[in-house]
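Only one structure is covered here, and it is reproduced in the block below.
The values are calculated or read from the model by the stated rules, or taken from the named source; none is laboratory data. What you see is a predicted model; the values in this text were computed from it and never measured. Please note: Cβ atoms are built from the backbone with ideal geometry, for glycine as well, and neighbour counts cover all protein chains shown. Protein only, heavy atoms only, side chains kept; ligands, DNA and RNA dropped before computing areas. Shrake-Rupley method; radii C 1.70, N 1.55, O 1.52, S 1.80 Å.
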Amino acid sequence: MELAIDGWAGELTISELQRQLGTYVDGWIDGQDSVNEEYMERFSTVRWDESGSPMVRAMQEQIGAGVDGIIGPQTIKKMQEYLNRFDYSLAVDGYFGFNTCCALQ
């Protein structure tokens, strides 16, 4: 499956990320803390309950972030640093905006 690079991390993008990381695949990011919602503007399939996500834990391990299963500004900064290894020239600002989403896709 080829993802559209549209700057929105919806069900298809999250499902592919879950496949790549070897976690269950349902297209949703479970267990997120709503206090971080402002940093996650381009994620559209999020469930808020602060329990953490297995997919996020697997991603945090891969990118060298603190592992708690919650996407916040520190995890996003680590993601941006990781993606910049592939010449994306992202601002490392802790916001999952359009450019970061497109690079992930």
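Looking only at region 45-63, filter to residues that are outside any helix (DSSP H, G or I) and touching a residue at least 24 places away in the same chain (Cβ under 8 Å); which one of those is surrounded by the most Cβ atoms within 10 Å (Cβ to Cβ)?
For region 45-63, the residue satisfying everything is S53.
Which of the residues belonging to region 3-13 are modelled with pLDDT of 95 or more and among the hydrophobic types (A, V, I, L, M, F, W, C)?
Result: I5, W8, A9, L12.
Mind checking which residues of region 76-91 are of a type in the set (K, R) and part of a loop (DSSP other than H, G, I, E, B)?
R85
For E16, are the conditions met, namely being of a type outside the set (A, V, I, L, M, F, W, C), part of a helix (DSSP H, G or I), modelled with pLDDT of 95 or more and closer than 13 Å to I76 by Cα?
no
Of the numbered conditions (1) in contact (Cβ under 8 Å) with a residue 60 or more places away in the chain; (2) open to solvent by less than 80 Å² (accessible area, probe 1.4 Å), G66 fails exactly one; give the number of that condition.
Here G66 clears every test but (1).
Identify, please: which residue in region 64-75 is more than 10 Å from the chain's Cα centre (by Cα) and in a loop (DSSP other than H, G, I, E, B) and is, among those, nearest to T45 (Cα to Cα)?
So, considering only residues that are more than 10 Å from the chain's Cα centre (by Cα) and in a loop (DSSP other than H, G, I, E, B), the one nearest to T45 (Cα to Cα) is G69.
So which residues in region 27-44 are in contact with a helix residue (DSSP H, G or I) (Cβ under 7 Å, 6 or more places away or on another chain) and either among the β-branched types (V, I, T) or without any contact (Cβ under 8 Å) to a residue 12 or more places away in the chain (or both), if there are any at all?
I29
Counting only residues that are over 17 Å from C102 (Cα atoms) and open to solvent by 70 Å² or more (accessible area, probe 1.4 Å), how many does region 1-24 have?
Selection size over region 1-24: 2.
Taking the criterion of being polar (S, T, N, Q) and either more than 21 Å from D93 (Cα to Cα) or open to solvent by 60 Å² or more (accessible area, probe 1.4 Å) (or both), would at least one residue in region 25-33 satisfy it?
no
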